[in-house]
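Notes follow once the structure below has been shown.
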Amino acid sequence: TVVDPAHAFARLPAHLQSADGLAEAQLFPSLAGGEGKVAPLTLVNDTLFPDLTALVASPDGKRLFVCSAPEDRVYALEVATGAVVPLKTADGPSALAVWEDPQQHSWLAVAHRFSSELLLYPLEGGEPTRLAGQPNSSRLLVAGNVLFVAEQARDSVLALSLPDGREL
């Protein structure tokens with residue numbers, strides 16, 4: 001994406017790491033058969049920069065969850081101890097909500113900006129359940145057993161039944 005005559009940016013594929021693990025590197029590209037001076041390219045690996053957004057509390061208030069989209073993580077903070085546990089997500093977590101199912105089990109819902117996956121993490125522990133969501137998700141809202149997923153590319157809202165994952 002070109003910003004102005006001197007600046008442009010591109011988004012690299014998800015989970016791509018620089019070979020040296022640096023957060024920033026200066027590259028000097030050249031064009032095959034090209035002549036003239038080519039401006040240096042600064043590669044910024046934003047996966048090494050936490051950017052904390054979308055805070056939500058567990059139903060019992062003992063844990064807080066916060067997104068870090070550049071790192072593709074959600075952090076779980078134990079309020080009493082200050083312990084932090086990272087949860088791996090899909091590409092660009094952007095919205096969070098909590099839900100208590102009919103069996104009184106609590107779940108964390110995670111929507112994403114760059115992935116159409118919707119993840120449901122059981123707060124008692126274990127692997128997440130994957131539901132079909134939509135990319136460009138910006139907000140989540142739980143009402144009973146229904147999850148509303150707002151996305152900004154088409155200005156739409158998707159309604160999902162949380163017990164079975166079907167679209168309503």
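The values are calculated or read from the model by the stated rules, or taken from the named source; none is laboratory data. None of the values given here were measured: they were computed from a predicted structure. Positions of Cβ are generated from backbone atoms using ideal geometry, with glycine treated the same way; all protein chains shown enter the neighbour counts. Keep in mind that these areas ignore ligands, DNA and RNA; they rest on the heavy atoms of the full protein, side chains included. Shrake-Rupley method; radii C 1.70, N 1.55, O 1.52, S 1.80 Å.
The table that follows gives values for the structure above.
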| quantity | calculated |
| --- | --- |
| Calculated diffusion of the chain, Stokes-Einstein form, Kirkwood radius summed over Cα pairs, 37 °C and 0.692 mPa s, µm²/s | 183 |
| The chain, accessible area per residue, ligands and nucleic acids excluded (1.4 Å, Å²) | 61 |
| Longest exposed-site-free window of the chain, the sites being trypsin sites (Lys or Arg not before Pro) in a DSSP loop that have at most 15 other C-beta atoms within 10 Å | 63-153 |
| Size of charge dipole - the chain - debye, nearest 20, with Cβ of Lys, Arg +1 and Asp, Glu -1, no other charges | 120 |
| Carbon and sulfur %, accessible surface of the chain computed with the full protein complex present, 1.4 Å | 57 |
| Kirkwood Rh and Cα Rg combined as Rg/Rh, the stretch 76-168 | 0.97 |
